[in-house]
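The values are calculated or read from the model by the stated rules, or taken from the named source; none is laboratory data. These numbers were taken from a predicted model, which means no experiment stands behind them. In this analysis, Cβ positions are derived from the backbone assuming ideal geometry, glycine residues included, and neighbour counts consider all displayed protein chains.
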Amino acid sequence: MTAIVQRQTRGIVDLSTRAKFRVAGPDSFRFLNGQITNDLRKASSGVAIEACVLNAKGKIDAHVFISEADGGFFLDGEPALREILPARLDRYIIADDVQVEDVTERFALFHLLDETRSALPNEWRAVRAWRLGVTGWDFWIDMTQHDVALKESSTLLPTLTGTAGETLRIEMGVPRWGFELGEEIIPIEANLETRAIDYEKGCYIGQEVISRMKMSGQTNKRLCGIVSIADEPLAAGMRLVLPGTEKDAGWISSATRSKRLQKEIALGFVKRGHNDAGTKLHACRSSSFEKAGAIPVEVVALPFI
């Protein structure tokens, strides 16, 4: 399948429900840099970096974006991480002078999809961030101004609903916590090595596993694009099997109808040996692999667009 190239989507995504934290204190840089896969020196008041927090086995405990402001570091992640992430960080604060503060209710967070930030007011704190596979900007605003800011921004740019934003995410092959990312996934398997991993930085928890995987060049599974050959709808949780067999080849993690492609598409993890572009598989509605319910699909390279 040949990817198509279009002008970048422009719009506003309301991310205010995401969990938000401020990590501060004299030891905050050293501590936080030892917890994340990316190099914290890349984060600034104007640039947010993408990173993962891992366990000792190299699997993902959290997926976050990090920027610097007000003498500390601001982290945001999916709402489900609001309790998980601070508890995970607290376990490793031993003799460090570090404070982890939940600021979820204090700040609204908007993401502008545009190559420049000129469409929105200059007084909004802007942070360059690559969230949906295209150039974008985060805006951290006092939560009391949420409704006013949303109304003002919607007069300048279209507001992308959850469905539209999710379709764009899938089209661009961007993994999401709770869908593609979780406690059984290693970042490289989800194609995060170029955005969320720095192989030259100092030690961090889980680094040995990541380094070994980089050296071997192999993963047990890999996040791929999936296209429904017969244009039948796909769904998260469907199993992928080899045609004519009941051999498990992976699973679908997110699915949508792409108007731009005019196809039913999905993201999914496909096992080694079956994840080359062009590979034909079947998507099954249940783990019993009934032939009657099998949907022919094709593995494609990411991103779709």
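Annotations for the structure displayed:
- Pick from region 167-191, criterion touching a Pro at 6+ places or on another chain (Cβ under 6 Å) and closer than 19 Å to GLY58 by Cβ, ranking: surrounded by the fewest Cβ atoms within 10 Å (Cβ to Cβ): LEU181
- Flag for ASP142 being surrounded by fewer than 13 Cβ atoms within 10 Å (Cβ to Cβ) and touching a residue at least 24 places away in the same chain (Cβ under 8 Å): yes
Here is a yes/no grid of residues against (1) charged (D, E, K, R); (2) modelled with pLDDT of 95 or more:
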| residue | (1), (2) |
| --- | --- |
| ASP102 | yes, yes |
| ASP114 | yes, no |
| ASN122 | no, no |
| ALA129 | no, yes |
| LEU156 | no, no |
| GLY162 | no, no |
| GLY182 | no, yes |
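- Look at region 48-63: where a residue is crowded, with 20+ Cβ neighbours inside 10 Å and a partner is of a type in the set (S, T, N, Q) and outside any loop (DSSP other than H, G, I, E, B), sitting 6+ places away or on another chain with Cβ atoms under 6 Å, you get ALA48/SER67.
- Qualifying position, being of a type in the set (Asp, Glu) and in contact with a Phe, Trp or Tyr (Cβ under 7 Å, 6 or more places away or on another chain), among GLU184, GLU232, GLU246: GLU246
- Qualifying residue in region 73-84 (condition: at pLDDT 95 or above, crowded, with 20+ Cβ neighbours inside 10 Å, over 30 Å from VAL300 (Cα atoms) and of a type in the set (D, E, K, R)): yes
- Filter result (in contact (Cβ under 8 Å) with a residue 60 or more places away in the chain and either within 17 Å of TYR204 (Cα to Cα) or touching an Asp or Glu at 6+ places or on another chain (Cβ under 6 Å) (or both)) within region 64-85: PHE65, LEU85
- The listed residues are ALA95, ALA87, and the only one of them that is modelled with pLDDT of 95 or more, surrounded by fewer than 20 Cβ atoms within 10 Å (Cβ to Cβ) and aliphatic (A, V, I, L, M) turns out to be ALA87.
- Strands (runs of 3 or more DSSP E) enclosed by region 99-172 - at least 2 residues per element that are aliphatic (A, V, I, L, M): 107-113, 125-129
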